[in-house]
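To start, the structure itself, in structure tokens.
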Amino acid sequence: MHLPNLEEAKDRTSKENKYINLDENYKKVFQGKKYFLRTYGCQMNVHDSEALRAYLETLGFTSTEKIEYANVVVLNTCAIRENARDKVIGFLGKCKYLKKNRDNFKIVLAGCMSEQPDVIEDIRKNHKYIDIIIGTHNLPDLPKLLLESFNKQVIEVYSNSDEVIEGFNYERDSKYTAWVNIMYGCDKFCTYCIVPYTRGRERSRRLESIIKEVEDLKNKGYKEVTLLGQNVNAYGRDINETFSHLLECVAKTGIERIRFVTSHPWNFTDEMIKVIAKYKNIMPYIHLPIQSGSNEILKKMNRRYTREEYLDLFHKMKEKIPGVSITTDIIVGFPGETRKDFEDTLDIVKTCEYDGAYTFIFSPREGTPAAKMKDDTPISEKETRLQELNELVNYYSNKSNQKLLNKTVEVLILGDSEKDPNKVYGYTDTMKLVNVNGPKDIIGKIVNVKITETKSFSLDGDYIDEKIVA
């Protein structure tokens, strides 16, 4: 795989709405056909699925929630965890059965799995019924490939590109919150991570294009944007820009809420902290992965910081950003992790008292350095450590939530609650889930909610009607 240097990145071209304005004769091929789309993995994959949906619907496809009614099945896959890959392979069995019993039924494998040579080899041997394989860099080619595939050509695509997509009209999941890609790829090469191999090196979008997208979203009534990147605060290194400047420009658009994920501690600057603290529409919520509390393991992971440097940054955020909520990622059972290393991780959780954490048992990914490291810790021990860690994380998450009991907080209401159809749900500025007693007409609004009950992973509250209070 070719990985561009910075000079090459500067010279790349941008894809602008490629294949969106298709000949009407092509659309006739797909008129009346349905698609089923399933997404696995991170926020980037969710946002990629918004692009896939836009391409499909531009072609004339309509969405269906029942795979049995679909003419095209698109699986947007994840390669980060073994269980995500296993779920995809399991679901492909159902797709294979449907294909045997349906005429002109197409299967598309998209996303990070499609960028892994071992996956491609496995599909060529064991899953020959798949029609199209399309990587993360080549989503704009989907319309062309579908046209060729429906003309009875079996297509496989395994391609990497240095291009950046600008000015694309996504088919977004929400009317109120939106993902905004600001960059693609990652240059960090953490030893356990497959991302640089599946999504390539860091490539930043043009600042003016990002600002235009945010302004358009604001004009359409969106309340919140989340700036998205595999390593979001490394934005601009390839185009002589900085994330702090971009963040300030986005804040000046006046959109009501701004978030960003995911940050790497190594790229978090004092200037970023100043900008976050300065603008009220930048939410005081930061996801700051630690991965391990052990310096020895951090070095093996190639994380480029020590626990001491991380804690200095953490405490600086707590001091400078009023009311900030910080969550993290932690990997348990990395190759060579001793009980002492794990206790260092528990210690950093106790020190930071995170508002929440995503915790995982180490999952070796083929092609990464960590997959070749000696790993002699039994899985039973890793599972025991994970349980111990989760109990500690849940304790501090619950403790954090309890601070909001009987407090009134602002909540962006997003829809009907899954917990109770008579309630609605939304998120606080610090990204805490709240199930709210309130009318349906507050969906899409930022409202005051009094917290009446706290749990480890969510809050309950009552909508405060300002008209009644007044």
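No lab work stands behind these numbers, since they all come straight from the coordinates. What you see is a predicted model, and the numbers here were worked out from it, not measured in a lab. Methodologically, a virtual Cβ is constructed for each residue, glycine included, from the backbone with ideal geometry; neighbour enumeration extends over all protein chains shown.
So the values come out like this:
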| quantity | calculated |
| --- | --- |
| Scattering profile of the chain at q = 0.09 Å⁻¹ [log10 I(q)/I(0), Debye over alpha-carbon scatterers] | -0.66 |
| Point-to-point label distance, GLU296-GLU343, nm (Cα→Cβ direction, 7 Å offset) | 1.2 nm |
| Furthest towards positive pole of dipole, SER456, TYR305, SER63, structure part the chain, Cβ charges | SER63 |
| Long-range tail of P(r) for the stretch 288-402 (Cα pairs > 16 Å, %) | 59 percent |
| Residue-by-residue Karplus 3J(HN,Hα) for the stretch 365-375, coefficients 6.51, -1.76, 1.60, Hz, glycine and proline x | 10, 4, x, 9, x, 5, 5, 9, 6, 5, 9 |
| Label-to-label distance, nm, for residues given as ILE464 and HIS315 (7 Å Cα→Cβ offset) | 3.5 nm |
| Over 17 Å [Cα-Cα, the stretch 325-468], rounded percent | 65 percent |
| Residues in the stretch 321-358 reached by a label modelled at GLU388 [backbone nitrogen below 12 Å; 7 Å Cα→Cβ] | 333, 338-347 |
| Lone cysteines, the chain (no partner Cβ under 4.7 Å) | CYS42, CYS78, CYS95, CYS112, CYS186, CYS249, CYS352 |
| Reach of LYS320 by Cα under 16 Å, taken over lysines that are not fewer than 8 positions away in the same chain | LYS274, LYS278, LYS280 |
| Normalised contact order of the chain, rounded percent, pairs of Cα under 8 Å and 6 or more residues apart | 10 percent |
| Contact order relative to length of the stretch 361-429, as percent, for alpha carbon pairs under 8 angstrom and 6 or more apart | 18 percent |
| Helix-only [θ]222 nm of the chain, DSSP H runs n ≥ 4, -39500 (n - 2.57) each, per residue, nearest 500 | -10500 deg cm²/dmol |
| Dipole-positive endmost among PHE36, PRO284, GLY254 within the chain (Cβ charges, Cα centre) | PHE36 |
| Residues ILE67 and SER209, FRET efficiency given R0 of 30 Å [Cβ-Cβ distance, rounded to 0.05] | 0.25 |
| Segment LYS144-LYS274, length gained on full extension (0.36 nm per residue, minus Cα span) | 42.2 nm |
| Difference of contour (0.36 nm per residue) and Cα-Cα distance, ASN281 to GLU381 | 31.6 nm |
| Projected label distance in nm at PHE189 and ASN104, using a 7 Å step from Cα toward the beta-carbon | 4.8 nm |
| Lys, Arg +1 and Asp, Glu -1 on Cβ, resulting dipole of the chain about Cα centre, debye, nearest 20 | 820 debye |
